[in-house]
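This report concerns only the one structure given below.
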Amino acid sequence: MIGNQMHNLCKELFPINRSLSGHGVRETLKILKRENPELQIHSIDSETNVFDWTVPKEWNCFEAYIITPDGEKICDYSKNNLHIVQYSTSFVGELELDELQKYLYSYEKLADAIPYVTSYYNEIWGFCISENDRKKLKDGKYKVVIKSELKDGVLNYADIVIKGKTKKEIICSTYICHPSMANNELSGPVLATYLAKYIKTLDNHYTYRFIFAPETIGSLIYLSKNLKYLQENVIAGFILTCVGDDKDYSYLSSRYGDTLSDKVALNILNYDIKDFKKYSFLERGSDERQYQAPGIDIPVCSVMRTKYAKFLEYHTSLDDLDLVTPSGLKGSFKLYKKMIDTLENNFYYKVTVLGEPQLGKRGLYPTITTNNTDYTLAFLYRNFLAYADGSNDLIDIANILGVSAYELIDIVKLFSKHKLIEIIKK
């Protein structure tokens, strides 16, 4: 059910031409706000200085195509928004094929795919075309039409803050700057949307912050406006990207791999998923670069399906709604839900009685023992209590016992009901 709902939202968002700025970003955020009315949409003026960067001009493309010498319209932006190099300047004119080739981009490795090409900070124009279609081009004059605008406008971004019992926060950041690509782009915002919906059903201890911003410049803008508060309050965070395919899960660590984000991700992946690929921070490529930059140091890591740049369809028109599936999205949602539930229960626990508690009188230990009695659960109970000495949090205990911390949540609730443990919130 939830996988289909997420996939339907992907379908709705897929045709929109998102970029760093412009109408497509605003249209996308309007749809996301429909799903979560708490979404707050913000803007920042073009040419604003942000740390070492400058906010680029707003870009909108209205029309773009090429007419061949035979009168055929090709590279039609209205049919696939990947055909235009992102942030292309306006151009209308006629070029011989040899000259036109300088403005065409194709990808030999995937000859049927249209590549995704950008030029955010250098004013050029260009078209993207499949390698096979490029090979079909004949000599002659080609009419080129690009009707776009680069203007002093705004760059938009958004966030949702769901308050908890404490100001301490868990953040999820995702980006909204790519055109029609499903896994590298839409899977992240869609997962964030549905995780926010889930959080709102909880009596949550932590505050949750979901950030939707163009990659790199957007996260830098957000950090520039909220850095001190985030540094003081964020205890864990995740970059949501490439979470929609059906392939292996992937984990990319924080800079030193020692944050609470890393800790919960590795526990759930090791014991609930088991088969996943591990990447170091040296292989980063998304907004981990910004949140984990020296002096920023917001504790985030990434848990993905196939990592960006590791699937063949990456940054091409083949990253489509067939690559992203309802089951792939559902799997990522369930995994993140487990991590969130674990963090919501990741306190320190201390047993309240001296000596080993008498579990039998509480119905927690077999009262009749035979050679066939199954002690698996009873031993797990006893082992949990053995390490509930106030010095270990839930994930610590789970790692000592070699189990998923998520599996221990029901045990915590059971022991709390029987007043066998007390919760220490450090």
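None of the figures in this text is laboratory data; all of them are computed from the coordinates on show. Quantities reported herein were computed from a predicted structural model and do not represent experimental measurements. Here the Cβ is made from the backbone with ideal geometry for all residues, glycine too, and neighbour counts use every protein chain on show.
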| message | Taking the Cα centroid of the stretch 210-250 and of the stretch 279-312, what is the distance between the two, rounded to the nearest whole Å? | response | 10
| task | Considering the options Ile296, Phe127, Ile217, tell which one lies farthest towards the positive end of the dipole of the chain, charges being +1 on Lys and Arg and -1 on Asp and Glu at the Cβ, about the Cα centre. | result | Ile296
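Give the value in nm², to one decimal: projected area of the alpha carbon convex hull of the stretch 327-426, averaged over all directions. Before the final figure, lay out the partial values.
Details: hull surface 31.7 nm².
Orientation-averaged projected area of the Cα hull: 7.9 nm².
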| task | With +1 on each Lys and Arg Cβ and -1 on each Asp and Glu Cβ, and nothing else charged, work out how big the dipole of the stretch 58-151 is about its Cα centre, in Debye to the nearest 20. | result | 100
| Greater than 21 Å apart at Cα, pairs in Lys167/Lys200; Lys197/Lys278; Lys73/Lys136 | Lys197/Lys278
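May I ask you to order 270-277, 188-195 by the average number of other C-beta atoms within 10 Å around their residues, highest value first?
Ranking, from highest mean packing down: 188-195, 270-277.
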| field | For the stretch 11-69 and the stretch 407-422, distance of Cα centres in Å | value | 47
| query | Label 7 Å along Cα→Cβ of Val353; the stretch 391-419 residues with amide nitrogen under 18 Å? | reply | 411-419
| How much of the DSSP beta bridge set in the chain is antiparallel, as a percent to the nearest 5? | 65
| field | Highest-MSF residue in the chain out of Asp139, Asp262, Asp246 [GNM, Cα springs under 10 Å] | value | Asp139
| message | If I model a spin label as a point 7 Å beyond the Cα along the Cα-Cβ vector, how far apart are those points for Lys73 and Tyr256 in nm? | response | 5.8
| query | For the stretch 269-416, with the dipole built from +1 on Lys and Arg beta-carbon atoms and -1 on Asp and Glu ones, taken about the Cα centre, which of Asn346, Ser280, Tyr308 lies farthest toward the positive end? | reply | Asn346
| Average silhouette area of the stretch 196-320, convex hull of alpha-carbon atoms, in square nanometres | 8.8
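Based on the Kirkwood radius over alpha-carbon pairs, what value in µm²/s does the Stokes-Einstein equation return for the translational diffusion coefficient of the chain at 25 °C and 0.890 mPa s? If you can, show how the numbers build up before the last one.
Working: Rh = 23.6 Å.
After rounding, the answer is 104 µm²/s.
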| How much mean residue ellipticity at 222 nm does the chain get from its helices, if each DSSP H run of length 4 or more adds -39500 (n - 2.57) and you divide by all residues, to the nearest 500 deg cm²/dmol? | -8500 deg cm²/dmol
| note | Beyond 22 Å (Cα-Cα) in this structure, taken from Lys11/Lys247; Lys33/Lys147; Lys350/Lys419; Lys102/Lys135, we find Lys33/Lys147
| task | State the answer as a single residue: which of Ala265, Ser90, Ile74 lies farthest towards the positive end of the charge dipole of the chain, with beta carbon charges of +1 for Lys and Arg and -1 for Asp and Glu, about the Cα centre. | result | Ala265
| task | Give the Cα extents of the stretch 58-151 along the principal axes, in whole Å, largest first. | result | 36, 29, 22
